[in-house]
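The values are calculated or read from the model by the stated rules, or taken from the named source; none is laboratory data. A quick note: this is a predicted structure, and the numbers were derived from the prediction, not measured. Don't worry about glycine lacking a Cβ; one is built from the backbone with ideal geometry, like all the others, and counts go over all protein chains shown. Accessible surface areas use protein heavy atoms only, side chains included; no ligands, DNA or RNA. Shrake-Rupley method; radii C 1.70, N 1.55, O 1.52, S 1.80 Å.
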Amino acid sequence: MRVSSLLPDFPWDTIAAVKQKAAAHPGGLVDLSVGTPVDPVDPLIQAALNSVAAVPGYPTTHGTPELRAAAVAALARRFGVTGVDEAAVLPVIGTKELIAGLPRLLGLGANDLVVIPEIAYPTYEVGALLAGAKPWRADGLTQIGPQNPALIFVNSPSNPTGKVLGVEHLRKVVAFARERGAIVASDECYLGLTWEGEALSILDPRVCDGDHTGLLAIHSLSKTSNLASYRAGFVAGDPELVAELLEVRKHSGMMLPFPIQAAMTAALGDDEHEAKQRGLYRARREILRKALQQAGFRIDFSDAGLYLWATRREPCRVTLDWLAERGILAAPGDFYGPRSPEHVRIALTATGERVAAAAERLV
């Protein structure tokens, strides 16, 4: 059996014609479809990468002690997460890789249920399918009913909607998971890009009362540190779960390159570059938000993250074509499941010049 037969069509392949149409605009393409950084990596991080470029030996799967210490300190300093054991931090080769492989790494199979958000980053479903498990879309615990899930994916702030889950919601998820014997994997890649209100980690003492049992927090440096090309992320939380992931990954040779570990250590230890990048995204968000609203879009949620979740109250593919006529490419809501047929996801990840061009075309 071909493994690819288990999976849905790769969503980005379905908008190739629309991209071609948008690219034909006289003013050029404004690609707001993918959340890929466009700003340069900070020189501090580049220097850290280069400083160990001559080291020839194998890196450790667990990561250097300096990297794990920097991750623990950053979680406390930036997000108020305390009590994380440095041994319970594991660097990963980009968080998409971890999410896609997590159900299998945890030993899930055909008899296991994996809960994912109703409107969700496609890789949660892919991870369940690759393990042979059953994905189940649910935003409320009552939707799960009497079933006992093995794994619950939480994503706050959400990709694509930018929705932030409140403390009481997260506390209920943790309590429910512990009652049913489930693991909670919280994708927190956008936690450092909160524009309105407060977003909390699953490891925040206000959420879990300082008990990390059964909890995994997934963090990426692709967003505020612009390290998408470095494939730099980490998972932290329950020491026993992290130890299990480490053991399996050691056998599989799933190790982060040593220069990337050094770059991550520098990025996690410096908040100045992160604040600067956050400011750039905030400015671009405001320009696009105003332009979209003036063009008749309604923006829902979008309290955090790198996207605006917008609708013209029509099928999302119609909106996609409308934007393409103006040389703008977005991601259709149906990429993220059947519950978002009328929204498009508009990324903030374009240069200031391209964002200004999109705003001008919209209004």
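Using +1 at the Cβ of each Lys and Arg and -1 at the Cβ of each Asp and Glu in the chain, identify which of G109, N148, A16 lies farthest towards the dipole's positive end. Value computed over the given set: A16. Bridging of K163 to lysines at a Cα separation below 21 Å is possible for K96, K172, K223, K290, once same-chain residues fewer than 8 apart are set aside.
Are there any trypsin sites (Lys or Arg not before Pro) in region 253-330 that are in a DSSP loop and have at most 11 other Cβ atoms within 10 Å? List them by number. In loop regions of region 253-330 (DSSP not H, G, I, E or B), the sparsely surrounded trypsin sites (Lys or Arg not before Pro) are R313.
Shown in residue order for region 183-198 are the 3J(HN,Hα) couplings computed by the Karplus curve 6.51 cos²θ - 1.76 cosθ + 1.60 at θ = phi - 60°: 9, 10, 10, 9, 7, 10, 5, 10, 4, x, 10, 9, 9, 9, x, 9 Hz (x for Gly and Pro).
The alpha-carbon atoms of the chain define a convex hull whose volume equals 141 cubic angstrom per residue. Each residue of region 146-151 is assigned a 3J(HN,Hα), and the resulting list reads x, 5, 10, x, 8, 9 Hz, derived from the Karplus form 6.51 cos²θ - 1.76 cosθ + 1.60 (θ = phi - 60°), x at Gly and Pro.
Only Lys, Arg, Asp and Glu carry charge here, each on its Cβ (+1 for the first two, -1 for the last two); on that basis the chain has a dipole of about 860 debye about its Cα centre. Counting Lys and Arg as +1 and Asp and Glu as -1 over every other residue whose Cβ lies under 15 Å from the Cβ of L130, the net charge comes to +1. Gyration tensor over the Cα atoms of region 59-159: the corresponding equivalent ellipsoid has semi-axes (square roots of 5 times the eigenvalues, largest first) of 28, 17, 12 Å.
For region 1-114, the pair-distance distribution built from all alpha carbon pairs, in bins 5 Å wide starting at 0, is 2, 7, 9, 13, 15, 14, 12, 13, 10, 4, 1 percent.
Taking the 1.4 Å solvent-accessible surface of region 87-183 as the whole, the part contributed by carbon and sulfur is 54%. With the helix formula -39500 (n - 2.57) applied to DSSP H stretches of n ≥ 4, the chain reaches a computed 222 nm mean residue ellipticity of -11500 deg cm²/dmol. Using the Cβ-Cβ distance between Q143 and T213 with R0 = 25 Å, the FRET efficiency computed as 1/(1 + (r/R0)^6) comes to roughly 0.55. Taken one residue at a time, the phi angles of region 279-294 give Karplus couplings (6.51, -1.76, 1.60, θ = phi - 60°) of x, 4, 5, 4, 5, 5, 4, 5, 4, 5, 4, 5, 5, 5, 5, 5 Hz. Gly and Pro are set to x.
If only the Cβ of Lys and Arg carry +1 and only the Cβ of Asp and Glu carry -1, the dipole of region 213-363 around its Cα centre is close to 580 debye. The H on the amide N of T194, modeled in the peptide plane, is under 5 Å from the matching H of G305, each at least 5 residues off or on a different chain. Kirkwood analysis of the Cα pair distances in region 151-231 returns a hydrodynamic radius of 13.1 Å.
Overall, the anisotropy analysis places region 131-281 in the oblate class: the square-rooted eigenvalues a ≥ b ≥ c of its C-alpha gyration tensor yield a/c not less than 1.5, with a/b not exceeding b/c.
Any chance you could check the Cα centroid distance between region 177-212 and region 291-320 for me, in angstrom? Value for the Cα centre distance between the two parts: 27 Å.
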